[in-house]
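Peer 1: This is the structure I want to talk about, given as structure tokens.
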Amino acid sequence: MSKHEVKQCARCNSTFECKAGDITNCQCYGIELTAAAEGYIAKTYTECLCRTCLLQLNNQYLLFTAQTE
């Protein structure tokens, strides 16, 4: 099994534990991003983000797309 890795969020610099080898216990597990939202986030960030930032960026994307429809 992969070792867990302590990472810093590329957006807010908070520290979190990445559990890619145990994804159901990872901090990002359960966050549902559409492919479009993933693309939106990936345009700016190439490294892992903390759960808070992922949720905030997903909400920003959803609000932006709702306003442009």
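Peer 1: Across region 10-20, what is the total count of residues that are open to solvent by 50 Å² or more (accessible area, probe 1.4 Å) and either among the basic types (Lys, Arg) or in a helix (DSSP H, G or I) (or both)? Outline the logic, then answer.
Peer 2: First pass over region 10-20, keeping only residues open to solvent by 50 Å² or more (accessible area, probe 1.4 Å): 11-13, 15, 17, 20.
Of the ones still in play, those that are also either among the basic types (Lys, Arg) or in a helix (DSSP H, G or I) (or both) are 11, 20.
Number satisfying all stated conditions: 2.
Peer 1: Ok, one more. Looking at region 21-38, which of the residues that are open to solvent by less than 80 Å² (accessible area, probe 1.4 Å) and within 13 Å of the chain's Cα centre (by Cα) is farthest from residue 50 (Cα to Cα)?
Peer 2: Among them, the one singled out is 34.
Peer 1: Any residue in region 43-69 that's open to solvent by 100 Å² or more (accessible area, probe 1.4 Å): show its pairings with residues that are assigned to a loop (DSSP other than H, G, I, E, B) and hydrophobic (A, V, I, L, M, F, W, C) at Cβ separation under 6 Å, as long as the two are six or more apart or on different chains.
Peer 2: As it stands, the answer is 47/10, since those pairs meet every condition given.
Peer 1: Next question, about the same structure. With 40, 29 as the choices, which residue is without any contact (Cβ under 8 Å) to a residue 40 or more places away in the chain and part of a helix (DSSP H, G or I)?
Peer 2: On the way: 29 fails: part of a helix (DSSP H, G or I).
Going through 40, 29 in turn, the sole match is 40.
Peer 1: Hey, any hits in region 8-17 for a residue that's small (Gly, Ala, Ser) and at pLDDT 90 or above?
Peer 2: Yes, region 8-17 has at least one match.
Peer 1: Do you know which residues across region 30-69 are in contact with a Cys (Cβ under 7 Å, 6 or more places away or on another chain) and hydrophobic (A, V, I, L, M, F, W, C)?
Peer 2: 48, 49, 50, 53, 54
The values are calculated or read from the model by the stated rules, or taken from the named source; none is laboratory data. Because the structure is a prediction, the values reported are computed rather than measured. Every residue, glycine as well, gets a Cβ built from its backbone with ideal geometry; the counts of neighbours run over all protein chains shown. For accessibility, only protein heavy atoms count, side chains too; no ligands or nucleic acids. Shrake-Rupley method; radii C 1.70, N 1.55, O 1.52, S 1.80 Å.
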